[in-house]
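The values are calculated or read from the model by the stated rules, or taken from the named source; none is laboratory data. Bear in mind that the values here come from a model prediction, so they are computed numbers and not experimental data. Cβ sites come from the backbone with ideal geometry, for glycine too, and all protein chains shown count toward neighbours.
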Amino acid sequence: MPRIRIIGVGPGTRAYLTPSAQRALEEATVVAGGQRHLEALTRPDQKKFMIKNNLAAVVAFLRAHAGEEVAILASGDPGLYGILSFLRHHFTPEELEVIPGISPVQLAFARLALPWHDAVILSAHGRSTAGLVAAIRHQAKVALLTGPGASPDHIARLLQEGNLERRIYCCCNLGYPDEVIISGLPEELAARDFSGLNNCVMVILDETKLGLCDSGHSR
């Protein structure tokens, strides 16, 4: 029986699909994913299921189509704060095939020409921001995934209130024509309006510990 393929689609544009992801997507007859990914990456002949806040329905849909070539489109990499965590509570490893993708964290650090093996990766997407400042305070390099209720200006305000002096890069709409990287200190970014900017990754640096060349220059 074919396994359910969880395809990491990176930022969601074809330019960032890996060859393995492209092959899996071409072979799929049934595809589940968010609206943006379904519109951008699927064919008219593929049966589609839109994932919103309906994860229980996703499981039922996948089981109903067992035996078919089923794919799930996952933003970034499925294993980095992605849907894989949820699915592993409902399916065994033998039922799943995970195809890695380029995560927004990878892309953000690539844009900044920074290594990220020593970065702490956090997410405020769909999570409480309580304790976030404490989690960042003693780290030299942090990548933070933002989301509804945890916009970059809100996070910057928390850092400002916590007296954290950091250089922050807000990397938004990565991989799309309207991609933008906004750099500043917490007090500067707290005063900015980030409405209309989606899928932002905040790279938060304690420059006193890193010794990077020109790390304070904005883009």
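Taking the options E187, E165, name whichever one is in a helix (DSSP H, G or I) and surrounded by fewer than 19 Cβ atoms within 10 Å (Cβ to Cβ).
Going through E187, E165 in turn, just one is in a helix (DSSP H, G or I) and surrounded by fewer than 19 Cβ atoms within 10 Å (Cβ to Cβ): E187.
When you go through (1) closer than 19 Å to L197 by Cα; (2) among the β-branched types (V, I, T); (3) modelled with pLDDT under 95 one by one for T129, which number turns out not to apply?
(1)
When the range 27-46 is examined, which residues are found to be under 19 Å from G12 (Cα atoms) and without any contact (Cβ under 8 Å) to a residue 40 or more places away in the chain?
Within the range 27-46, Q35, R36, H37, L38, E39, A40, L41, T42, R43, P44, Q46 qualify.
Here's a check for you: in the range 107-161, which residue that is among the charged types (D, E, K, R) and crowded, with 16+ Cβ neighbours inside 10 Å is nearest to Y176 (Cα to Cα)?
R111
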